[in-house]
Structure formats: C-alpha cells, structure tokens
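Before any comments, here is the structure.
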Amino acid sequence: MSVLSRIWQAAFGEVAEGEARSGPWFLPVSGGWLSAQAGSTLNWWQLGYNVERGAVPSAMVEACVSAYAQTIAMCPGGHWRREHDGGRKLVGNSALARIVKQPNDYQSISDFLLNLTRDLYGDGNAFALALRNDRFEVDELHLFPARKCVPRVAVDGSVFYALSGNDIVERQIDGPLVVPARDVLHVRLHTPRHPLIGESPIRAAAIDVATSDAMLQQQLAFYLNQARPSYILSTDLPLTREQAQQLRESWNEQSKGLAAGGTPILSNGLKPHPLTMSAENAELADIMKLNEQHIALAFRVPLQILGIGSTPHASTESLMQLWIASGLGFALNHIEESIGLFFGLRGQPDEYFELDTGALLRSNMKERIEALATGVLGGVYAPNEARAIEGLSKTPYGDEPRVQQQVVPLSAAAAIPAAPPALGAPPALPAPGEGRAVGADAIPDWSAVDLLRIADEVDRAA
C-alpha cells in the first residue's frame, strides 16, 4: 500500500471492493497515482496534469526527509573493533571498510547514505543489493527504489526479495531479480502490517499532509484563474443574463491573464466595491503553520533544524544534541545496526559500524576546540590524540595523557606526608645588665639582632 492510498484511507475512509469511488487512482502499469482533479477528464495529460509518484508533494515533508538524509550523509562511517586493553581500533581491511569508502562504481558513500535515508523516511523501507566477490565477501552495494521492491516469503519461511528499478544492475544481470535475504540490505521502520514492510512517519501525519495539500491546491486554482474576488461590480439597473455575461467577459478581458493590470471601462451604472479579507481567510496561514508543526512532530525534527523555530538555542552543539537525543539518534543507530547485522558484525561493544556525528560540528570551531582542550587537561585525550582529531601531525612527547600535579588518586592519600608542626614562639631576651654570660655556646640560640646588641655592650664596656 503506497503513501497516497494510506493518506486517502486515513482522511476519507475505505470503499468496498467493486464500488465506484472518486480519485486518486493507482496506475498499476506505469506506476504512480492519478489525482481526482486529473481523473475527472479523459484528456488529463493535455490539461497539464501529471502522474504523482511517491509521497504527496509537500514542502514540510521534503524538509523533514531532506534534514535526515543530508545530515546522515554528512557523517563518515567506520568499522570499529574492540581491543583487549578496552580501547577500540578502526578496521581498514574488511569488506565493510571497503564499502564505506566506495559502495559501487557510480556512487560515493555520501550518495549512498543520502538516497538510502530518503527511501527509508519517504517510504518506510530501503533496499540495496549486494554483489559478492570470489571470496563470498560483499564487493558492491546497489540501491533499488523502495516502491519497486517487494519481499516474498516461501512456503518454508525463507525470505526473498523481488527487486527492480536500478537500470545499471538490470543491464548487467539478465532476467528478473529474485534474491535471497542474505544478499539484500533491507532497512525498515515500524512494521505494523507485515514484519518485512516498514511504514513512513508520513502516515501519522496523513491528515495534515492532505489538509495542507488541499489548501495549496485551492489557492493555486485561485491564482491561476485570477479569480480572487477582491472587487465586486454592482448596478441599480436590471440586467438580463446575456448582459451580465457580456459585462463579465468585458471585465475579464481587461483584468485577467495577459491583460492583468489593465484599466477596465465601466458602463451601465456599474460600480466596483472592494472586498476585505474575511477572518476565515486570515486564519488560513495559521492553520497551514499548525499542520506543518504536526508534520515536523511526526518526523521528530526540531523546528529550529528546519529554520522555522522561534526558541533559539545557546549553541549549535546544544541544538544538535537535542536532535541526536531524539529522532536523529534513532535514525543513526537504526542504520548502523542494520548495516552491522548485514555484514555479520558481533555488535556493540565488540565489533560494530558507527557513523561519526562529530562531523556535524565541523563549522563550529570554537566549541570543538574548547571540548578538545578540556579533554586534554582532564587526561581523557593525549595531546596527539586531540591533534589527530583535528587532522594535525604528532608532536614530540605528546602520546601520553597528562593531568595536573594536584590530581592524585584516593589510594595515594596515605602516602602523603603529614604537615609539619607549627613553630613555637622565640625565647625571651634577657634584660640588660642581668649579667647573662656571653659565651660561644649561647650564640646559636640568639638572633642576629641580639648578637649586634651584645657587641655594642662589649664595646662600651671596653
């Protein structure tokens, strides 16, 4: 069931089999949907109507899907493996590592992730065919349009996929493509109807998408026909039907189409009266804005990401962290786990595929450098590790993490020497004339001032 059919059923209900109903109509041969307006005439292709393919055209839906697709395409991926010392190592010689560099001959990894995510959020499913080498390793991955791929279940429960829509692969392989599940990367969202068929978040916002589309179609019809009643013409004279039709045609000839902006000449006592915008028309923009917010809510995209939010964030990092903690974080993890499972990785934390979200802060240099500096001062990063993150070369003696001198473990508290006792008060000086002996053994107990005073007394006595 496509997106348009789900939208129609959600908004207008189902129709019994064999019963005539209005559009939209599905075209099984050419694919796509024919709208109700187009299907009302037999020569719809001559009247400017086109077959709609995929989701209903909507700026907000496109913004949400593009936000996910373009953001995930920005994140570089890597095959990571856990080391015995608790760290991790980037694997560079695996089949997954080669696919991450170039999935096929005509796409980069950015192209691959962009189109995979668009299919995932536009249709609820994403399909890619794996072509293997002589060692039975995945050598290439080729995307197929989700709307042209169907999962099949055999009588014994085996899963196969009927794939079509990739012109390059279909020219290389003769015959229909019915491939076992082990050779198909299938990423899918929520599966309420069938465990192998995912559904897009568009279904949750079906009524909002249909409402916005109906409003836009109505406004488009008004603007194309130049029929917005900004003025009405009135007269006190009685007019026949033919006279009224003639006056209407004369007015349209001077104010519609190529003659828009002309100066009509009024006769028969006609007087123009301007019309003000009603409250219902004034609320149209507010209703459309509310529908757009509902669509963004269904896709779990913050309005600030789309550039229409009113509440500012303190920094780009806080805004991205908000999105990563909600919708984007799920999308990244869902794609990572699907790819890891397809390539037979052991999973977190032993062996896994990861998309690096650090690339999202590439343009925010201040916050990025402050975070690395804090990590180096706290002993989390060695200086050379922080420099490697920024693409800088190593420096001598920078391979070891370091901390400040006062940072010691609790276990070392017993080895810290106790503080020395406080010094006592100096002894009192003898009063002059008390006959205190001035011997050599008493000098070390006196200060220099005392010695000078005693020397003066000796000189006077001599």
Scan region 17-34 and give yes if some residue there is touching a Pro at 6+ places or on another chain (Cβ under 8 Å) and at pLDDT 60 or above, otherwise no. yes
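Conditions tested, residue by residue: (1) touching a residue at least 60 places away in the same chain (Cβ under 8 Å); (2) outside any loop (DSSP other than H, G, I, E, B).
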position	(1), (2)
GLY329	no, yes
ILE335	yes, yes
GLY344	no, no
LEU360	yes, yes
ALA388	no, yes
ARG402	no, no
If you check ALA282, ALA259, which single one turns out to be more than 30 Å from LEU322 (Cβ to Cβ), assigned by TED's automatic domain parsing to the domain that holds SER318 and modelled with pLDDT under 65? ALA282
Among the residues of region 116-160, what is the count of those that are of a type outside the set (Asp, Glu), touching a strand residue (DSSP E or B) at 6+ places or on another chain (Cβ under 8 Å) and surrounded by fewer than 18 Cβ atoms within 10 Å (Cβ to Cβ)? 11
Picked from region 232-251 (must be closer than 10 Å to LEU270 by Cα and outside any helix (DSSP H, G or I)), the residue farthest from the chain's Cα centre (by Cα) is LEU237
Those residues of region 114-143 which are under 17 Å from LEU332 (Cβ atoms) and charged (D, E, K, R) amount to ARG118, ASP119
Evaluate the following for VAL138: is it touching a Phe, Trp or Tyr at 6+ places or on another chain (Cβ under 8 Å) and closer than 25 Å to ILE72 by Cα? yes
For a quick check of your reading: which strands (runs of 3 or more DSSP E) sit entirely within region 88-157 and have at least 3 residues that are within 27 Å of GLY327 (Cα to Cα), at pLDDT 95 or above and touching a helix residue (DSSP H, G or I) at 6+ places or on another chain (Cβ under 8 Å)? 125-132, 138-144
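The values are calculated or read from the model by the stated rules, or taken from the named source; none is laboratory data. The structure presented is a predicted model; accordingly, all values stated were derived computationally and were not measured. Heads up, the Cβs are rebuilt from the backbone with ideal geometry, glycines too, and the neighbour counts pull from every protein chain shown.
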